[in-house]
Amino acid sequence: MPTIKSSYLGNLRTSSTHLQSGKNILTDAPVDNNGKGEAFSPTDLVASALGSCMVTIMGIVAENNGHTLDGLDWEVTKVMQSNPRKIAEIIVDFQWEDPISDSTLIQKLKNAAKTCPVALSLDPKIIQTINFNF
């Protein structure tokens, strides 16, 4: 059974629907690649997926240890290369103003993030720069 149903909308824009939830995502080609840049580009979604996957897996570890990730934020920077045009690096900067005080659990969280399914699925040539600012 499919997970996602997608359609081309024209003008370098797509629409994808998550079939289980009915939630929809639009993509648009970026301005530097003939698009309007009015929505996430497909490569933006890849970069975003890395950060979101890391936090999801860290959240599972935290909850299994009786904690939450309340107050954890992150920013993602995608670095493109040309010829061939592809993602060269994804930088994820985590900020956590009031982190868990258990240093052993913090290390488990960091390890979980670095071994999330998206991190392990990306081509090893894509540099993953992860900064834990906590």
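The values are calculated or read from the model by the stated rules, or taken from the named source; none is laboratory data. All of these numbers come straight from a predicted model, not from anything done at the bench. As a convention, Cβ positions derive from the backbone with ideal geometry for all residues, glycine included, and neighbour counts pool all protein chains shown. Side chains are part of the model used for accessible areas, which takes the heavy atoms of the whole protein and leaves out ligands, DNA and RNA. Shrake-Rupley method; radii C 1.70, N 1.55, O 1.52, S 1.80 Å.
Taking every residue in the range 57-75 that is assigned to a loop (DSSP other than H, G, I, E, B) and pairing it with any residue that is buried (at least 17 other Cβ atoms within 10 Å of the Cβ) and of a type in the set (Val, Ile, Thr), at least 6 positions away or on another chain, the pairs with Cβ-Cβ distances below 6 Å are His67/Ile100.
Being among the hydroxyl-bearing types (Ser, Thr, Tyr), touching a helix residue (DSSP H, G or I) at 6+ places or on another chain (Cβ under 7 Å) and more than 17 Å from Leu109 (Cα to Cα) holds for only one residue in Thr27, Thr14, and it is Thr27.
Only residues that are open to solvent by 50 Å² or more (accessible area, probe 1.4 Å), touching a Gly at 6+ places or on another chain (Cβ under 6 Å) and not in a loop (DSSP other than H, G, I, E, B) were counted across the range 11-33, and they come to 1. Residues being in a loop (DSSP other than H, G, I, E, B) and surrounded by 11 or more Cβ atoms within 10 Å (Cβ to Cβ) are represented in the range 100-112 by at least one member. Residue count for the range 87-124 under the criterion of being touching a residue at least 12 places away in the same chain (Cβ under 8 Å) and within 19 Å of the chain's Cα centre (by Cα): the result is 21.
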